[in-house]
Every structure is written in C-alpha cells, then in structure tokens.
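Engineer: One structure is given below, represented as structure tokens, and several questions about it will come after.
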Amino acid sequence: MQIGLSEYLIVGAVLFVAGVVCMATKRNGIGVLMGVELVLNGANVNFVAFARYTPLGLDGQIISLFVIVLAAAEAAVALAIALNFYNNHMTIDVDRGDQLKG
Amino acid sequence: MLDWIWILLTAAWLLPLLGFAVEVFGGYWQQSRRDRTPALIAVACIGAGFVLSVAAFIIWGSETHWGVFAAEPEHGDVPAQQAVEDTTREAAAEDASELQPADAGQQHSYRKAISGTIYTLARFGDLKLSIDYYVDSLTLVMFMMVTLIATCIHIFALGYMSDELTDEYVDHQAHTAGGDHVHRPGRYYLFFSYMSLFCFSMLGLVLAGNIFQVFIFWELVGICSYLLIGFYVERHSASTAANKAFIMNRVGDFGFLIGLMVIWTYFGTFSLGPETIGDETRPGIFAMVRNAEGGLDIRNESGSPVVHLNGSVAEADDAGAADGEAAVTAERTIPYWLLVVAGLGVFAGCIGKSAQFPLQTWLPDAMEGPTPVSALVHSATMVAAGVYLAGRFYPVFTPDVLLVMSYVGCITLFLAATIAVVATDIKRVLAYSTISQLGYMMLGIGVAGWAAGLFHLITHAFFKSLMFLCSGSVIIGCHHEQEMPRMGGLRRKMPITAYTMLVGVIAISGLAIPFTILGMKLAFSGYHSKDAIVATALAFNYKNPVHFLLFLVPLVTAGITAFYMFRLWFYTFCGEPRDRHIYDHAHESPRVMTLPLIVLAVFAAGVAVGGEGGPLYRMLLASEPAGVDVGSEAIDPTVAFIPEDVGYALVGQPARAEIHSVHAQAGAFALIAAAAGAVLAFLLYVVRVVDPGEIKRQVGGLYRFLIEKWHFDTLYDVAFVRPVHRVAAALAWFDRVVIDGILHWFANTSVRIASWDRKVDEGLVDGLVNLVGNVTFRVGRSLRAVQTGQLRQYIMFIALGVLSLFVLQFIFFPR
C-alpha cells in the first residue's frame, strides 16, 4: 500500500480531533494544555504533508518549526497562568474559572 | 449791571429745581419718614429765590433810575373828556420816544424789556430752540409775587403737612378693598419736592423768552398740578380730580398748540423779544405784529385783510422764485383771520389753565389736593398763569379776540360767583371765588384794561392765597372738617385765623371807606384792582353801548362776591357753634402756620397801596404794550371796510383818560354793590332776619340748579364722557371679539399644528431611535446567556462553529 497524502491528512485530522476533544472534555488545566499541543501538532503534520506540493518543498517544515517555537512559548505562558490560577483557586479545574461570565 | 438782572432771576428760577432734585433723589424715602430736612431745603430754595428776585428788582430800579416811580401819573387829575385827545397824543409820542432803542446813552428805559438767550438747545436753519429770558417790570413783579407767596405757603405747609411726618399715615378718607383705612408711609418729603418742582416750573413760565418755552413750562406746571391734586392718590376722588384737571387742561392746550403752529408758520419765530440767529438780529413776535404806536398794519390785499409784520423778511426761497428783486424787501404777512386763530388758540390755553367758562369745572375738583396746594397752585400762581399769558401775549390779540376774552371772562365771573353762593365746602367756595376773580382779570384785559387785569392778578394772588391758608388753618383746627354748616363761632377759638381771613374777605369784596385820609383811600388791595377793572368796563361800555353786559355783570357780581365771601366768614367764624363736638376740639394753629397768615394779610391789605398812583400799578403800567392807553374807535364794517391806516376793529377800546374820567363813577357803583352784598350777608347770616334755609326752599329749583353747578358736569358727562365711554366700550368689544378672536384663532391653530408635530416627533422619530436601541439591548441581553465562562463550552462552540462553517460551505459552494 502506497502511503500518500491522504494518510498524512488522516493522521493530522485524528490528532486534531483528539486535541479538540481533549480540550473540550478535560477539566484539568494541564490536560487542556496538552489538548492544545495535540491540535498544534495535528496542524504541523498537515503543514509537513502539504510541503511536498510547494515549489520549494521546505515551506511546511519551516512553518512547523515556527509552530513548535510558538507552542513552546505558549506552554511557558500557559503554565504561568496555570500556576497563578492554582494560587487563586487552590485547584486547576478550569470550570472554576468563570469570573468573566456574562 | 443789566445782565445781573437776568442772572439773578435765572438763579432764582433754577434754585427750586436744585431743591427738587435733592428732595426727590436724596433718599428721604429710605430712612425714617420723620425727617424735616427736605421741607427746610424747599423753604430755603424758594426763600432764596425771593431774595434774589428782590435783588434783581433793586438792580433794575437803580439801572432805570427808578424812572417807573418818578414819572408823573400820566393822566393825573385830567378833568374830563376835553383833555382826552391831547393827552392821548402826548402819551403816544412819549411811548414812541421811549421805545427808541437809543435810550439816551447809559440809562435803560424802564419801559423796555430785557431779553436774550440763556442757552441754545438746538438750531435747525431758521428755527432756533433756546431757553430765553424776557424781563420787564411785569416779569419782576410776577417773580416777587410768586416767590413771596410760595415762601409763605411753604412755611405754612411745614405745619399743615406735619401729620405726614410719620412712618405709618392712616388716611381716613381712603379705604382699601376690605373696607379698612389705607395705611401708608408719610410723604412729607414728596410733597415738598413736588412743591419745589412747581415753583421751578412757574418761575420758568414767567421768565420764558419765547412762546415755545412758555408752552414747555405751561405743561410742567400742569403736571405739577396733576401730581399735587392727586397727592392723596389712594382717595378715589383725588385721583379722579387729578385726571379731570389734567384732561381738561389738555383741551385748552390743544388750542395753544394750534396757535403756536400758526405763529411759527407765519412769524417764523417763537421769540418774544429780538432774536439773534448767527449774525442776524430779527424782531420778536411783538415787534413784528405791532408798530411803534401799537397798531396793526392791516392792508386790503386781493379782497381780504392781511396783516403786515414789521421788520420781518420773507423767506428767500418763497419769494425768490417769483421775482428776485422784490424778495429782498418783502415783509412777511399773515391773513387777518389766521392772526385771530392764533390769538384764540393761545387764549384757549389760557381758558384751560385759568379755568375759564367752558373748561371751568376742573378747578373746584382740584380742591382735593392739600390746602397749601390750593393756595399756591390753584389760586395764586398757576391758574393766574393763564391771565399772565393773556397779558403777555396781548399784542398778538386782535380786537375780536379781546372781545371773546371779555365775554368769556364775563360769563365765567358770573357763573362761578352764583355757584359760590350755595357751596358749603369752605374750600369750594374759595375755588369758585377764584374762578370768578380770574374771570374779572380776563374781562379786564379783554376790555383794554391791561394793567387793571394784571393788577387784579397780583392783589388777588395775595388775598386769595391768604384766604386759602386761613381755610387750611380752619380745616386743621377742626380736624379735617371742611363743611361750613358744621362750623360756626370759630372766631373765639382761632382769632388770628379769623381776623386775617377777614382782611382777605374785605379785600376781595372791594369794601373801602369812601374818604381819603392823607391822600390815600382807606381800602385794601382788592378795592383798587376791582375798581380799575370795573372802571375800564364802564369806559368800554360808554364806547360800545351794545356790550353793556360787560359792565353790568361784573358790577352785579361784585355784590355777589361780597355776599358769598361774607357768608363764608359769618358762617365759619360767627354765630353759635353748630357742631358742639367740632367746636370743642377746635384750636388755633401753631405759629408756623399763623405767621404766614399775618405776613400775607399785611400784603393783602397793602400791596396795592396808593391804588392807581401806587408803586405796584406803576410797575405794571411800565410793561403795558404800546397803544393800549391810546384807545381806538370802533369801525362799522358796513360803512368802511378796512381803511388803509386806521385799526380794524368791531369794538372801540377806551383810552386811559377815558377810563380815568369814569373812575369815580364806577368806583361808587362797585362800592355800593359790594356794600349791599356784605350787608345782605350780615342780615341773613348774623341777624337772621330771614332764615337762609327758608329762601333755599322758596327757590328750590334755582338752588338745585346752582348746587349742580349749572349742570356743567352733567352736561359734559352726557356730551363727552358717556359718548367716549360708549365708543370705548364698542372698541373694547371689537378688540375683544374681533382682534382677539383672530389672534386666538392663530394661536389655537399654532397649538394644534404643534401638537400634531409633537405626535410625529414622539411616535415616529423617537420610536425609530428607541427601536434601534431596544433591539440592540435585547439582543445583547439574550446573548449574555452564551457567555458562561466555561472554557470547555467555548471550545465546543468553536469546534461546532468551525464544523458548521464547513457544512455550510459544502452546502452552498459544493465543488
């Protein structure tokens, strides 16, 4: 069986959906962050897969690197948020963070 | 030195104005109303005015070397008619020479008036509006008379008005709507400020050097009279009387204005004396209308009489267009009938101010004012201003106007005297007597007794102001009782008032002892002046037998005068007290009030000392217009129509010599009439041979006719007041129904349109704006529920949202 674009896309989609479901279901703040990582990586798989069809063949990889850097930075900020959240609420249950409710 | 005369008189004139300003603007209404300062200022101002007037008189006298007193009486004891012609010629020559401007060097002729301009207000081409002065011996006499009497009356008023010196004055004759007496702050300062304003106006009227200025001050005295009559403005009768006086005077003043217009149009000047415009000196009105002999220059031009005005130059643009050469020398002319109109117009003003026959009804009502006002304004000065003006303007009056004046005076004096006989209010008797005496003056001037009329003016001023002040003293003494039937016997309670009043009564009645002691008649002033008038009337009667009433009526009225004056005196001061209560509480007035009475009594008795040879008469004679003493002959218009050089007259005027020749005869008649009147009053009211009440019942119709004042008030009410009311009511109806209707319709329509507009505004515009707001608000409110704060939910929304976007894309944009 020839492994083509579709297989990559399927893997990316599975990662993405898993991430979204993780974000949507986890009450643990860290779990949510992990869902975010999954979503980003699902997107990275897509970028890399599509890179083959670009004139240079490297664009997707470059953007993936950016996304990874972005994800690292995001994780730093998000963990700081999580720490503060824990300081304020003595928990990291995101359902408790509903002060901005309309 | 001559300049000092007018400077002093101007100062005397302006001082009361200064006093007025201080009194009315000095803030005397703020502090306690018990302050006497304003009154003292008023007295000081007018008193200083008297001193200045006397000073001016002394300067005038010394400048003329007292020629006015030194000259021999022109017609001394000329026996009879033979001398008439000679003396008249002489007199004419004398006058002519005296009127020459040369005046023999330094000496100023006592017959020549001093005139000039104090201040020029404005000049419009030929029209010069200025404040002028015109000073001759008449002006000086008037100044001294007015200031002296005014000073006495001011001092009297210090006492008379003193019950106004309170912060809460209770007016027992005025009621509020609730029926209570009116309570108000005292108005002492206000009274004296009005009095000062009046003095200023009156002196200005006398000093005035042009007829327009006379008119201004004429109106000013009118307004002062209005203010003073209405002094007790809370009393309905007082405010009505003030209105009546003012409105009736307007009627006369309308004639005055017409006269002024005619004079301005045809004379081109208002000035009495010579007038200087730029470099040019022009003759005044008097010099224009009369020549040096006092005649009118009447010529017959194109069938109608025309009066040439001497020394005037016709306006260049008028005549220049016609023929240039003649224009330079052409004189102004005035149609004779227009000169009559001018004279009648000015005289109409005099009728109003002096309360003469058709307009006499305001003066008795004017007695609503405080008594010092009646004494000063409504007997001595303002009402005499009409006579003064008639005298001042004598040169402009044609014989026809003078005849009208005589008859007006004649009717007035009889009418007023008859009403005075039945009047019971002490002040009203005096008011009618004033009207009657003013009628005498008018008659005197009208029958060519120029000096006689003004002589009576001066003497009357003194004795009438005296009597008014006495009545004021009585009124105060009886605690504001004015009805004579409730007095009686007051002689014992208030002797000074009673006997000074008696002096006045004898003076006005013209009683005298018909003998001479030390060359002087034992007579009070009124005898001399009334004698002079009656004598003139008799001489006039001899010359114009058809006008016999002009002698007969005054003669009879002299008797009536004596009767009602003695009736007043007997009623008030003699007999038994008729009202015990009033009598018991009556008291003599304080010295501040009796002192002016004594001063005025002395003057009332002695001001005319020497009669027609005395100083007062000579002073007046010195101002007599040229030609009065010459006399004239009547011309029968059917025989000769306007001869070239003789006067134009329906009546002849008596010369002074003619008057003098009948003087003794007239004097005897007048004295008999007066004595008869006085004796009759004595018999009726003291001896009571017949009960006056009985007579009243016997001639009830006549009595009621007189009590109703000859029904003049009723007549005017029916003829003028009610029609005016009716017209006014109709106009008010028109105003209310038609004009107001139209206006209301417009207003209502506007309101209706506006209400529609409001509906549109509120419903449509506001609704739209509110709708947008409400929808936004509601949408926002409903979306609020979505904002749960649940992170996981948000993610679900995002995911579902993206999913639905994809679904939508596949539905609407399929590949």
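Engineer: Report the label-to-label distance for residue B:725 and residue A:86 in nanometres (one decimal), using points 7 Å from each Cα along the Cα→Cβ vector.
Structural biologist: Distance between label points: 11.0 nm.
Engineer: Charges only on Cβ, +1 for Lys and Arg, -1 for Asp and Glu: so what's the dipole of chain B about the Cα centre, in debye to the nearest 20?
Structural biologist: For chain B, the charge dipole is close to 4340 debye.
Engineer: Subtracting the Cα-Cα distance from 0.36 nm times the residue separation, let me have the gained length for residue B:602 to residue B:697 in nm, one decimal.
Structural biologist: Once the chain is fully extended between residue B:602 and residue B:697, it gains 30.1 nm.
Engineer: Something else now. Residue farthest toward the positive end of the dipole of chain B, with Cβ of Lys/Arg at +1 and Asp/Glu at -1: which of B:678, B:765, B:608?
Structural biologist: Comparing the listed Cα positions along the dipole, B:765 ranks first.
Engineer: Which log10 I(q)/I(0) values, to two decimals, does the protein assembly as shown give at q = 0.04, 0.05, 0.07, 0.11 Å⁻¹ under the Debye formula with one point per Cα?
Structural biologist: Treating every Cα as an identical point scatterer, log10 I(q)/I(0) equals -0.35, -0.42, -0.63, -1.29.
Engineer: Now for a separate question. How far apart, in nm, are two points set 7 Å out from the Cα along the Cα-to-Cβ line at residue B:765 and at residue B:25?
Structural biologist: 5.3
Engineer: OK, next. Can you pull a Stokes-Einstein diffusion coefficient for chain B at 10 °C (1.306 mPa s), Rh from Kirkwood over Cα pairs, as a whole number of µm²/s?
Structural biologist: The calculation lands on 53 µm²/s.
Engineer: Follow-up question, since we're still on this one. Roughly how far apart, in whole Å, are the Cα centres of the range B:106-148 and the range B:713-789?
Structural biologist: Taking the Cα centre of each part, the range B:106-148 and the range B:713-789 sit 64 Å apart.
Engineer: Just want the answer: with Cβ charges of +1 for Lys and Arg and -1 for Asp and Glu, which residue in B:203, B:227, B:258 is farthest toward the dipole's positive end in the range B:198-303?
Structural biologist: Selected residue: B:227.
Engineer: Quick check: Cα centre of the range B:1-49 to Cα centre of the range B:525-555, how many Å?
Structural biologist: So the separation of the two Cα centres works out to 42 Å.
Engineer: How tilted is helix A:5-25 with respect to the longest principal axis of chain A? Cα atoms for both, answer in degrees (0 to 90, nearest 10).
Structural biologist: 0
Engineer: Between A:57, A:31, A:42, which gets the highest mean-square fluctuation from a Gaussian network model of chain A, Cα cutoff 10 Å?
Structural biologist: Highest fluctuation among the options: A:57.
Engineer: Going by how many other beta carbons lie within 10 Å of each one, how would you line up B:240, B:269, B:500, fewest first?
Structural biologist: Sorted ascending by nearby Cβ count, the order is B:240, B:269, B:500.
Engineer: How high is the relative contact order of chain B, in percent, counting Cα pairs under 8 Å that sit 6 or more residues apart?
Structural biologist: 12
Engineer: Which Cα, out of B:68, B:388, B:416, lies furthest along the positive dipole direction of the protein assembly as shown (beta carbon charges, K/R +1, D/E -1)?
Structural biologist: Final value for the positive-end residue is B:416.
Engineer: Related question: Subtracting the Cα-Cα distance from 0.36 nm times the residue separation, let me have the gained length for residue B:584 to residue B:705 in nm, one decimal.
Structural biologist: Result: 40.0 nm gained on full extension.
Engineer: Assuming 0.36 nm per residue, please report the length gained on full extension of the stretch residue B:668 to residue B:806 beyond their Cα-Cα distance.
Structural biologist: The span from residue B:668 to residue B:806 would gain 35.2 nm if fully extended.
Engineer: Tell me the trypsin sites (Lys or Arg not before Pro) within the range B:150-250 that lie in a loop according to DSSP and have at most 12 other beta-carbon atoms within 10 Å.
Structural biologist: none
Engineer: In square nanometres, what is the average projected area of the Cα convex hull of chain A?
Structural biologist: Mean projected area of the Cα convex hull: 8.2 nm².
Engineer: Using Cα atoms only, what is the angle between the long axis of helix A:59-89 and the major principal axis of chain A, expressed in degrees (0 to 90) to the nearest 10?
Structural biologist: Roughly 10 degrees, rounded to the nearest 10.
Engineer: Extent of the range B:1-41 along each principal axis, from alpha carbon coordinates, in Å, largest to smallest?
Structural biologist: Taking the Cα atoms of the range B:1-41, the three principal extents are 46, 15, 8 Å.
Engineer: Starting with the fewest neighbours, write out B:474, A:14, B:689 ranked by other beta-carbon atoms found within 10 Å of each beta-carbon.
Structural biologist: Going from least to most buried by this count: B:689, A:14, B:474.
Engineer: Under 28 Å Cα-Cα from residue B:530, which lysines qualify once same-chain neighbours fewer than 8 residues away are excluded?
Structural biologist: In chain and number order, the partners are B:112, B:353, B:427, B:464, B:521, B:543, B:709.
Engineer: How far is helix A:29-51 tilted off the main Cα axis of chain A, in degrees rounded to 10, range 0 to 90?
Structural biologist: Roughly 10 degrees between the two axes.
Engineer: Could you give the C-alpha radius of gyration of the range B:713-796 expressed as a fraction of 2.2 N^0.38 Å, taking N as the number of residues it contains?
Structural biologist: For the range B:713-796, the normalised Cα radius of gyration is 2.88.
Engineer: Where does each of B:63, B:331 land when they are ranked from fewest to most other beta-carbon atoms within 10 angstrom?
Structural biologist: If I rank by nearby Cβ atoms, fewest first, I get B:331, B:63.
Engineer: With contacts defined as alpha carbon pairs under 8 Å and 6 or more residues apart, what's the relative contact order of the range B:408-492 in percent?
Structural biologist: Relative contact order of the range B:408-492: 30 percent.
Engineer: How far apart, in nm, are two points set 7 Å out from the Cα along the Cα-to-Cβ line at residue A:65 and at residue B:689?
Structural biologist: Each label point is offset 7 Å from its Cα along the Cβ direction, giving 16.1 nm.
Engineer: Please state the relative contact order of chain A as a whole percent: Cα pairs under 8 Å, 6+ residues apart?
Structural biologist: 26
Engineer: If we count chymotrypsin sites (Phe, Trp or Tyr not before Pro) as exposed when they sit in a DSSP loop and have at most 15 other beta carbons within 10 Å, what is the longest stretch of chain B that avoids them all?
Structural biologist: B:67-547
All of the numbers you see were taken from the coordinates with simple rules; none came from a lab. Small disclaimer: the values here were computed from a predicted structure and weren't measured. Note: ideal-geometry Cβ built from the backbone for every residue, glycine included; neighbour counts use all protein chains shown.
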